[in-house]
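A quick write-up on the structure given underneath.
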Ligand SMILES: *Cc1c(COP(=O)(O)O)cnc(C)c1O
């Protein structure tokens, strides 16, 4: 928790549940990433947290943006981003969305299929396009594989076809999966992209860009390698596979830039003991439907702090307040919380700045969407 967030919580005691996010920390993360990968242009993945104060701060820092819908394109433009700094990175776009983005001045689009390529050629003629290839997502706590990306052979044919459709065959992309903790995943993916680059050059298609996607991890309950490790691994692999003919490099961080800037402040609604079971059930006023969707399968394990920290702890299961049996955050991940914890206590869920606010449901069981404070 940053000092600014701690001060805000202490001074204001805001109603729970709420997210408090320190926008200065986003800026620090942006600089850390730029230092680790100075040759890569940063396209913030807006979906991680599309709040205007974040987009405005990043636009002011010269960031570019990865948008997944016409609405996200508009958020970026409203935050002051030039359309030339926006990539429409979703490979699944409605025709109306392509038209809206193109009319707004966006000229960089992702695709991974013939039909999507045709849609872009028709509704965003002459644009720069990049094809997403399928890569392994091993090592990612929140994998994205299978839904997106195509094979190297198909990507090769698609990039040749892009030119014949009047598009600018600009580059290739991949995404190694979110909360990726292994630098080797980037190295392997860069190897695949490098092969296709060479192959396409022989076919007289001169790609100029590699989009390395996002995936850079944040420290939740467990520590992760530092961003400098990812920077070194990526530059090593780029040099190995491209020599001194390095293409333009793009990265699309989401989680890394915003996650550890935010804290969810929540209230303990109930601590329930069942017979002789040593595991207490702790019910919070936020759960799976209040925005903590990434606890699905207990994939993302948030660090939890309380005012009783330092006192004796015991095992707990942690659940949300709704009447849905799926609204359990952690049952198998061996969470332990202070024995003194009781109804009415405040607790903090750390590093909840990414993939939380927008996942909150609309009044399921009457609970309002998560309140957000940007400080
Ligand atoms: C979600 C997503 C990102 C951001 O991923 P993080 O793991 O949050 O860095 C980047 N690019 C694309 C195409 C995405 O879908």
- [ ] Multiply the residue separation of residue 362 and residue 248 by 0.36 nm, subtract the distance between their alpha-carbon atoms, and state the gained length in nm to one decimal.
- [x] 36.9 nm
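Of the beta bridges DSSP finds with both residues in region 260-374, what % are antiparallel, to the nearest 5?
80
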TODO: Go from 0 up to the bin containing the longest alpha carbon distance in region 260-374, width 5 Å each, and give me the % of pairs per bin.
DONE: 2, 12, 23, 27, 20, 11, 4, 1, 0
Task: Within a Gaussian network of the chain (alpha carbon springs, distance under 10 Å), most fluctuating of 176, 135, 316 - done: 316
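Between residue 96 and residue 279, 0.36 nm times their residue separation minus their Cα-Cα distance comes to what?
Working: separation 183, 0.36 × 183 = 65.88 nm, distance 5.16 nm.
Difference between extended and current length: 60.7 nm.
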- [ ] Please build a GNM for the chain, connecting alpha carbons under 10 Å apart, and tell me which residue among 70, 340, 293 fluctuates the most.
- [x] 340
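What is the Rg over Rh value, at two decimals, for the chain, using alpha-carbon atoms and the Kirkwood definition of Rh?
On the way: Rg = 22.0 Å, Rh = 21.8 Å.
Using Cα coordinates only, the ratio equals 1.01.
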TODO: Given the options 310, 344, 89, state which has the largest fluctuation in a GNM of the chain using a 10 Å cut-off (strictly under) for Cα springs.
DONE: 310
Task: Spin-label model distance (nm) - residue 165 vs residue 195, 7 Å beyond Cα toward Cβ - done: 2.5
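So what is the relative contact order of the chain, in percent, for Cα pairs below 8 Å that sit 6 or more residues apart? Write out the running numbers ahead of the final one.
Numbers: 832 pairs, mean separation 73.0, N = 375.
With pairs under 8 Å counted, the relative contact order is 19 percent.
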Task: Nearest-0.05 FRET efficiency for residue 270 and residue 154, computed from C-beta distance (R0 41 Å) - done: 0.20
Open item on the list: Between residue 324 and residue 147, what's the calculated FRET efficiency when r is the beta-carbon distance and R0 is 22 Å? Round to 0.05.
Closed with: 0.35
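Suppose we take every Cα in region 63-137 and form the convex hull; what volume per residue is that in Å³? Before the final figure, lay out each step's value.
Details: hull volume 6.8 nm³, N = 75.
Here the figure is 91 Å³ per residue.
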Open item on the list: With both bridge residues required to lie in the chain, what share of the DSSP beta bridges run antiparallel, to the nearest 5%?
Closed with: 40
- [ ] Working from Cα positions, state the angle (0 to 90°, nearest 10) between the long axis of helix 152-164 and the longest principal axis of the chain.
- [x] 60
- [ ] On each of the three principal axes of the Cα atoms of region 25-73, give max minus min coordinate, whole Å, ordered largest first.
- [x] 31, 20, 17
TODO: Over all directions, average the projected area of the Cα convex hull of region 154-297 and note it in nm².
DONE: 12.6
Task: Euclidean distance between Cα centres, region 29-92 to region 99-139, Å - done: 17
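What is the mean projected area of the alpha carbon convex hull for region 1-82, to one decimal in square nanometres? Display every interim value, and only then the final one.
On the way: hull surface 25.5 nm².
Seen from a random direction, the Cα hull of region 1-82 projects 6.4 nm² on average.
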TODO: Estimate the FRET efficiency between residue 39 and residue 7 by the formula 1/(1 + (r/R0)^6), using the beta-carbon distance for r and 41 Å for R0, to the nearest 0.05.
DONE: 0.65
Open item on the list: Below 8 Å between Cα atoms, with a sequence gap of 6+, how large is the relative contact order for region 260-374 in percent?
Closed with: 37
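Read-outs throughout are calculated quantities, based only on the coordinates presented, and are distinct from any laboratory measurement. For clarity, every value in this text was computed on a predicted model and none was experimentally measured. Cβ: placed from backbone, ideal geometry, glycine included. Neighbour counts: every protein chain shown.
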